[in-house]
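A quick write-up on the structure given underneath.
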Amino acid sequence: QVPVVESGGGSVQPGGSLRLSCTTSRRTFSRNAVGWFRQAPGKEREFVAAISWGANTRYADSVKGRFTISRDNAKNTGYLQMDSLKPEDTAVYYCVADAGGYVGPARYHYERWGQGTQVTVSS
């Protein structure tokens, strides 16, 4: 199977921005929702955002107005634009895919997971 691969993590100061990318096979990407979860040290993995094939989106309350999820179906790539980053956004961010039309926070719907990319927000 072609893996789900994230990129774009790194370190940034509070108030800064980062853009995460996620690529996978056309078979996995096509007609399926793509999303992002994150896990901070000592905390449970939590839903961040998801977007359907038709660009319907859903966000966690903690990131609404600061994060934007999008996708380029021609490139089999999803994106998470993160602005106004806060220290509490520090976590490993995981791209998820292959949930059919589901766009929401339940982890069990997402069959494919990436290995994660670290995002650190610190001054």
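Of all the residues that make up region 44-53, how many are open to solvent by 60 Å² or more (accessible area, probe 1.4 Å) and out of contact with any Phe, Trp or Tyr (no Cβ under 8 Å at 6 or more places or on another chain)? Steps first, please.
We begin by selecting, within region 44-53, every residue open to solvent by 60 Å² or more (accessible area, probe 1.4 Å); these are 44-46, 53.
Adding the requirement that they be out of contact with any Phe, Trp or Tyr (no Cβ under 8 Å at 6 or more places or on another chain) leaves 44, 53.
Qualifying residue count for the region: 2.
So, restricting to strands (runs of 3 or more DSSP E) that lie completely within region 54-123, which ones have at least 3 residues that are touching a residue at least 60 places away in the same chain (Cβ under 8 Å) and open to solvent by less than 40 Å² (accessible area, probe 1.4 Å)? Before you say what the answer is, go through the steps one by one.
Working: elements: 57-59, 67-72, 77-82, 91-97, 117-121.
Passing ranges, in order: 77-82, 91-97, 117-121.
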Checklist entry - List pairs: first in region 2-21 and without any contact (Cβ under 8 Å) to a residue 40 or more places away in the chain, second of a type in the set (S, T, N, Q), Cβ under 9 Å, 6+ apart or cross-chain? => result Val2/Thr23; Val2/Thr24; Val2/Ser25; Val2/Thr28
Next on the checklist: Please go through region 107-122 and give me each residue that is modelled with pLDDT under 95 and over 14 Å from the mean Cα position of the chain (by Cα), ordered by number.
Outcome noted: Tyr108, His109, Glu111
Checklist entry - Pick from region 1-43 the residues that are among the basic types (Lys, Arg) and modelled with pLDDT of 90 or more: which of them is least open to solvent (accessible area, probe 1.4 Å)? => result Arg38
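The values are calculated or read from the model by the stated rules, or taken from the named source; none is laboratory data. Just so you know, these numbers come straight off a predicted model, no measurement behind them. In this analysis, Cβ positions are derived from the backbone assuming ideal geometry, glycine residues included, and neighbour counts consider all displayed protein chains. Side chains are part of the model used for accessible areas, which takes the heavy atoms of the whole protein and leaves out ligands, DNA and RNA. Shrake-Rupley method; radii C 1.70, N 1.55, O 1.52, S 1.80 Å.
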